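The structure appears right after this line, and notes come after that.
The values are calculated or read from the model by the stated rules, or taken from the named source; none is laboratory data. Computed from a predicted model, the values in this text were never measured in an experiment. Positions of Cβ are generated from backbone atoms using ideal geometry, with glycine treated the same way; all protein chains shown enter the neighbour counts. SASA here: full protein model, heavy atoms, side chains in, ligands and nucleic acids out. Shrake-Rupley method; radii C 1.70, N 1.55, O 1.52, S 1.80 Å.
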Amino acid sequence: MGQLSTEQRLLLAIVLSTVIIIGYSFLAPRLLPQPAMPAATAETGAAVSPSAEPSRAPAAPLSAKERRRAERAALAAVSAARTTVRSPKAGVASDATGSEVEVATGAVHARFSTNGGRVLSWQLKAYRATGSTLYEELVSLRAAKSAAGPLSVRLSDFPDAAAWPAVASLAKLDVGKAGIEQRLPGRGGETVVIPRGPAGVPAGELVFTQALPGGRTLVKRLRFPATGYEVGVELELTGPAPETLDLVWTPGVGLAPDEEEALGRTSTYQNDATAIILSGQGLASGKQDLLKQSDAKKPAEKSGEAPFWAAVRNRYFVAALVPPRIGDCEGVLAVTGIAASDGQPHALTAALRFSLQPGARRVRIPVTAYLGPQEFGALGAAGSRLDRVLDLGWFGWIALPMLQTLKFLAKFTRNYGVAIILLTLIVRGLLWWPSQWGLNQMKRMQQVKPQMDFINTQFKNDPARKQEELMRLYKEQKINPVGGCLPLLLQIPIFFALYSALSSAVELHGTPFAFWIQDLSAMDPYYILPVLVGGTMFIQQAITPVVGDPAQAKMMRWMSVVFAFMFMKMPSGLMLYWLVQNLFQIVQQWRTNRMTAQTA
């Protein structure tokens, strides 16, 4: 057997890589043992299906006097519990899970623990987990087991406050369009229904009361609207004020990849978390203070004074804490936004730190929490420049109009896959003429290539004369030597903007297209789209005129196979866009080649 050429060795390497990757993708799930689900999953990670929601029963409204009596009873119960329940150390999960409180609105199904009044589960009813019928979950299994979990409170002189036992004013809160159902704690489990207010938008309130050491009381009130993802959080501390008080969301947002695998779900691109602070200085400079999970390999912290908000986001969802104006607070001197990590994977923290007035006996802090999708309209409606959470990359000023156009097309087609195809065709249609001009220039360059090769050979020892002769040839043939590249300066920003819009659009999350593509935000389960993308790239390279080194052109043609493997796990929506754009480019190149052959 003779010695293989460079091209043959490259082709052999590509074929062997193909066999290894495909073989591993299909055999590993069958031969390797699946990771076991954590023991706490059944308690903290189980999602609630829509059919599992309890039925409502009407009753009389709760008076203000009865509400105050319930809070006093809760406070007394907490004081009694302090003799039998010992608070864990900060950052360590409590042995006692405490009792749970369930909250249901039109948009959210949540569970809270009376240990610190923290969030155990926050499920979005409008979104389904990839490859599942379960609601999308914003609280990881680690967060549900952590003492200082989502929406917990830290005091500078008493860090154990995040896990100190509390008593809730309710056992069940259901906020619907018809009214508010509240099931009170107690033997009878009394149910009270409060009808809609004059504004027609009901809201329900859940109260956690903690009796802390030193004669202090911390009350956390959460106000839930009937629809939407904004929650009002009011903190009220009576007694000697510490130096600072923190409202914290940690660790991260959504399930981590290993937790998704433990639940048997398909891993997605949404797990890369980022903690963000937007301050006044950042807004003026157009920058945000970011702490990415990939960068937080050791303990790190960033802070911003007078923040608009502090948040933790993944690709599709966000947990954001929006502070009030100082004038709306009581006993508060200043507020700082914090983005932090303890160096562990998927353990980012977003917090608001309130500096309190020395000697204050009463502190009141109203905060707004947005816990939901990164949907531009919903973020913009929340105010406080929360729409800056949505990251559309360098070309966001182009990507945002494209995303809005995609949503407009989806309203008429009722299918986001069809909308992606139409949007790609519209963009390619608008770029037809500059792209056609570049293709014509490349075709002319190919026609005069023999003359160019002659000049390069004839004057290889005289660079100045060679350049002069080449420029004369270009002028005679009316060729722009960079004509094939100039249209790319216009096309590249648009293509990158489309790429960013499609990869970040929460509208595609869990959205089916057709046939085997049932989630445009997930990878193609059968790798059909990546193979088609690689194949069309190969065809596109094959019919494109060769202007430079033929060996390099041949290698670039086979690089399309490598790209196909790079795209294997990318979202189907992106692959659909890339496939349509490749097909359009092939048709345009074929048409150019045919017209050139007819005029030759």
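At-a-glance table
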quantity: Links that overshoot a 24 Å alpha carbon limit, given the list LYS125/LYS177; LYS125/LYS172; LYS125/LYS292; LYS125/LYS298; LYS145/LYS172; calculated: LYS125/LYS292; LYS125/LYS298
quantity: Dimensions in Å of the stretch 325-429 - Rg and Dmax from alpha carbons; calculated: 20.7, 68
quantity: Sequence of ASP160, ASP328, ASP246 from largest to smallest accessible area, 1.4 Å probe; calculated: ASP328, ASP160, ASP246
quantity: Protection proxy ranking of 564-570, 252-258 - average other beta-carbon atoms within 10 Å, highest first; calculated: 252-258, 564-570
quantity: Within-13-Å neighbourhood charge of GLN585 [Cβ basis; K, R +1; D, E -1]; calculated: +2
quantity: Under-5 Å amide H pairs with ARG128, H placed in peptide plane, nonlocal only; calculated: GLU136
